[in-house]
Amino acid sequence: TCALPIFWIILLSMVMYTSLTFDAHGALGLKPDATLPEIKKAYRVLSKKYHPDQNSTEAARILYQQVRRGYKALVNKEEYDAEAAKEDYSVGIALPSRSEEH
């Protein structure tokens, strides 16, 4: 019973750490001093590469979301902040079903 609160604390800490440590330049493969034309070019290249219409893998879907997030964070900070404020983290636990047959 003591392990459950600890589990939630760890899980919420991980979610907060991930959201606070997002590296927008890293998501686009750029140095921190990248210029706006470099940011736009990297976004175009990566979004074409990982767009769901071009690449249907789960890894590409996740990378595409990170690329879009990085681009918004660097180019349109207000929109990025508004989206980040609306993000809703949902956490759930899957419990085994009880079977009547033994």
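The values are calculated or read from the model by the stated rules, or taken from the named source; none is laboratory data. Bear in mind that the values here come from a model prediction, so they are computed numbers and not experimental data. Note that each Cβ is placed from the backbone with ideal geometry, even for glycine, and that neighbours are counted across all protein chains shown. The accessibility values were calculated without ligands, DNA or RNA, using every heavy atom of the protein model including side chains. Shrake-Rupley method; radii C 1.70, N 1.55, O 1.52, S 1.80 Å.
Not counting ligands, DNA or RNA, and with a 1.4 Å probe, what is LYS72's accessible surface area in Å² rounded to the nearest 10?
My reading of the accessible area for LYS72 is about 40 Å².
With label points built 7 Å along Cα→Cβ from the Cα atoms of SER56 and ILE6, find their separation and express it in nm.
So the label points at SER56 and ILE6 sit 4.5 nm apart.
Determine the shape class of segment 34-91: with a ≥ b ≥ c the square roots of the Cα gyration tensor eigenvalues, call it rounded for a/c under 1.5, and otherwise prolate if a/b is greater than b/c, oblate otherwise.
Verdict is oblate for segment 34-91.
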